[in-house]
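Structure in structure tokens, see below.
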Amino acid sequence: MMRTSSLTTVVGINFRLRFIAGIVLGFALATTAAAGGDPVAGREKSKVCAACHGEDGNSPNPAYPRLAGQYANYLERALLDYQSGERQNAIMAGLAAPLSKADIEDLSAYFAGQNGDLFAVDLD
Amino acid sequence: MRRIVNALGAVLISLSASTALATGDAEQGRYKAHTCLGCHGAPGYSNAYPTYHVPKLGGQHAEYIVAALNAYAAGQRKHPTMHANAVTLSEQDIADIAAYFAGMERP
């Protein structure tokens, strides 16, 4: 009786471990997918952006935002909003219109990975 | 005569407009940015629905921050929280806040 119950426990733990491993793997894949942009491809696609935002996203012109080091998912959101018209800007509407989802992710990954003057303010 | 007065008036208006845009006081901006820092002062803080990180503002160009706040106030950028905050700001407030973020030293 004792042996059976301990065997049940072992099987139970094994199942639970596999379950947890599955969840961890799932999260890992989801995170990779979210940050799925290819910065090397993004660099190739960024030539048009460079005219205003600088080659590495450190805009020399103060009218245009610095992109270097900005959060990738914020940059993605900005481009999506330019496409949908949620964010209205005559220049960016035209430039964002032809971009695919992959283009947006690649460009965002590229600029997010550059170094520059931009930083997150930390009050603590 | 009226034409001259009109022309002078136009010059004065454009002068005052460009002056208001040009001068931001970073020290004043530090106090006025208190509300902003609730979200923009916490690295990695996320917007919800849709989910994305609240943008980094330290070291951003002042001129761009001014344009962004004006666009939120005017509804050209649609974000309920940013709209609600931006509409309460005067032109001087916006210039001061922009000067504060633009002039911050990287920690």
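Condition (residue is more than 10 Å from chain B (Cβ to nearest Cβ), without any contact (Cβ under 8 Å) to a residue 40 or more places away in the chain and touching a Phe, Trp or Tyr at 6+ places or on another chain (Cβ under 6 Å)) applied to the stretch A:99-119: is it met by at least one residue?
No.
When both residues are 6+ apart or on different chains and their Cβ atoms are under 7 Å apart, which pairs have a first residue that lies in the stretch A:45-59 and is surrounded by fewer than 20 Cβ atoms within 10 Å (Cβ to Cβ), and a second that is hydroxyl-bearing (S, T, Y)?
A:C52/A:S59; A:C52/A:Y64
Mind listing whichever residues of the stretch B:39-50 are more than 9 Å from every other protein chain (Cβ to nearest Cβ) and not in a loop (DSSP other than H, G, I, E, B)?
Result: B:C39, single match.
Related question: Answer with yes or no whether B:E91 is more than 19 Å from A:P60 (Cβ to Cβ), of a type in the set (D, E, K, R) and without any contact (Cβ under 8 Å) to a residue 12 or more places away in the chain.
So B:E91 fails the test.
Considering only residues that are surrounded by 16 or more Cβ atoms within 10 Å (Cβ to Cβ) and either among the acidic types (D, E) or not in a helix (DSSP H, G or I) (or both), which ones fall in the stretch B:70-83?
B:R77, B:H79
Checking B:S46 against (1) of a type in the set (G, A, S); (2) in contact with a strand residue (DSSP E or B) (Cβ under 9 Å, 6 or more places away or on another chain); (3) closer than 24 Å to A:C52 by Cα, which single condition isn't satisfied?
Failing condition for B:S46: (3).
Every residue, every condition in (1) outside any loop (DSSP other than H, G, I, E, B); (2) within 9 Å of another protein chain (Cβ to nearest Cβ); (3) buried (at least 16 other Cβ atoms within 10 Å of the Cβ), yes or no:
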position: B:G24; (1), (2), (3): no, no, yes
position: B:Q60; (1), (2), (3): no, yes, yes
position: B:E63; (1), (2), (3): yes, yes, yes
position: B:A68; (1), (2), (3): yes, yes, yes
position: B:N85; (1), (2), (3): yes, no, yes
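Read-outs throughout are calculated quantities, based only on the coordinates presented, and are distinct from any laboratory measurement. All of these numbers come straight from a predicted model, not from anything done at the bench. We place every Cβ from the backbone using ideal geometry, glycine too, and count neighbours over all the protein chains shown.
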